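Taking it in order: structure first as C-alpha cells, then the write-up.
Rule-based calculations on the coordinates, nothing more; no lab input. Quick caveat, the model's predicted, so the values are computed rather than measured. Here the Cβ positions follow ideal geometry from the backbone for every residue, glycine too, while neighbour counts run over all protein chains shown.
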Amino acid sequence: MTHANADAPIGVFDSGVGGLTVLAALRAALPTERFLYLGDTARVPYGTKSPATVARYAENVADVLLARGAKALVIACNTASAFGLEAVRARTGVPVVDVIGPAAADVAARPGLRRIGVLGTRGTVASMAYPRALERAGATVEIAQQPCPLFVPLAEDGWTSGPVPRQVADTYIGSLLASGPVDAVVLGCTHYPLLREEIDASLLRQMGRHVPVIESGPAAARALVEALDATKLRSARPAGPALTTYLVTDDPAGFSVVGERFLGGSVGAVEHVSVGAA
Ligand code: DGL
C-alpha cells in the first residue's frame, strides 16, 4: 500500500508535448500544487503502436514518476489512457486519473447532443475506448470517429498553424463529416489542442457554424480535483508561482522551445531521464 503525502507533487505524463495542454488546465484548477511532467519524447508517437507496447510504455513512465514520490498520476494521453489505465492502476495505490472517462462525462453532461465526432490517434480510435466510455457515462449519442495521425508530428514540431496544418485539418474534418454533420467534436488526443486554431477554422468552413469542441484538459482537471479531495491529498501550500518540473526521455531543447510557445512562458530547466527499455 502506498502512503502518499499531500505535499508531494502530482505526476503527469504524455508521449511528448501534447500533455502540456492538460497540464495547463491542471495548473489553473490547482494553483497550490506542484507538478512533475514527463514527456516520453524518445518513444513518441504512441498512437501508432500496439496496445501491449503502449501499456508497457505507460507502466515504465508511471514507475519513474512514482519513484520520484508522485502522490497522484494523470495519464495526460488518450492513447495511454485507452491501453494503459488498468496496468498503471494495478501498480500503485495512489489515485490515477485518465483523460477518456472525464471527457466522456463532459459529453454526457451537455444536453441536446445527438451526434458527436471523436478525433483521435489510430490506436485510440481502434480501441473503441470512447464509444465504451460514452456508454458508461450514459451519453446516448451517435459517434463518428476519425484518426488524425499527422496532427501529432505537426504538434511535436511546432507546425500548429499555416497552410500545411490547414490542409491536413481540412482533409481529416472532411472525412469526419462525410457521414453527416456533428453537434460537437471531442479532441480525443492531447496533442490536438495545439492545432485548435486550424481545427476550429476547418469546422467552421465545412459546417458553416461554430461547433463546440471538447478537450481533455478541463475534464481531467475536474476529475483530479475530485480524486484529491476524496483521498485528502490536496496540498496545503499557499497558492504561488506554478511549480513544475519537466522531464523528457529525449531532446530537452526541442521540448523547451515548443513547450514555451504553448505554455506562454519559460518552462525552465528540462531534465533528461531514461525509462524502461524500448
Ligand atoms: N497525445 C497522445 C494522445 O492523447 C498521443 C499522441 C501520440 O503519441 O501518438 O493520444
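Points worth noting:
- Calculated translational diffusion coefficient of region 90-204 (4 °C, 1.567 mPa s; Stokes-Einstein with Kirkwood radius over alpha-carbon pairs) equals 87 µm²/s.
- Of every Cα-Cα pair in region 129-172, the percent that sits beyond 13 Å: 63 percent
- Seen from a random direction on average, the alpha-carbon convex hull of region 41-132 projects onto 6.5 square nanometres.
- Packing-based ranking, highest mean first, of 222-229, 41-48 given that Cβ atoms within 10 Å are counted: 41-48, 222-229
- Residues listed by number, region 249-278, amide nitrogen under 20 Å from Ala239 label point at 7 Å toward C-beta: 264-265
- Summing charges over all other residues whose Cβ lies under 12 Å from the Cβ of Ala133, with Lys and Arg as +1 and Asp and Glu as -1, gives -1.
- One decimal place: the segment Arg222-Thr32 gains 66.9 nm when fully extended, by the rule 0.36 nm per residue minus the C-alpha distance.
- For region 189-243, the normalised intensity computed at q = 0.14, 0.15, 0.20, 0.31 Å⁻¹ comes to -0.60, -0.65, -0.83, -1.16 (log10 of I(q)/I(0), Debye sum over alpha carbons, equal scatterers, no solvent).
- Remark: spin-label model distance Glu135-Asp63 equals 3.4 nm, labels positioned 7 Å along the Cα→Cβ axis.
- Computed from backbone phi with θ = phi - 60° and the Karplus coefficients 6.51, -1.76 and 1.60, the 3J(HN,Hα) list for region 93-104 is x, 7, x, 10, 10, 9, 10, 7, x, x, 5, 5 Hz; x is used for glycine and proline.
- Ratio Rg/Rh [Cα only; Rh per Kirkwood] for the chain: 0.95
- Per-residue packing, averaged as other Cβ atoms within 10 Å, sorts the ranges 10-17, 251-258 into the order 10-17, 251-258, beginning with the highest.
- If you wrap the Cα atoms of region 122-271 in a convex hull and average its projected area over all directions, you get 11.4 nm².
- Cα shape, region 208-278, gyration tensor, a/c 1.5 rule: oblate
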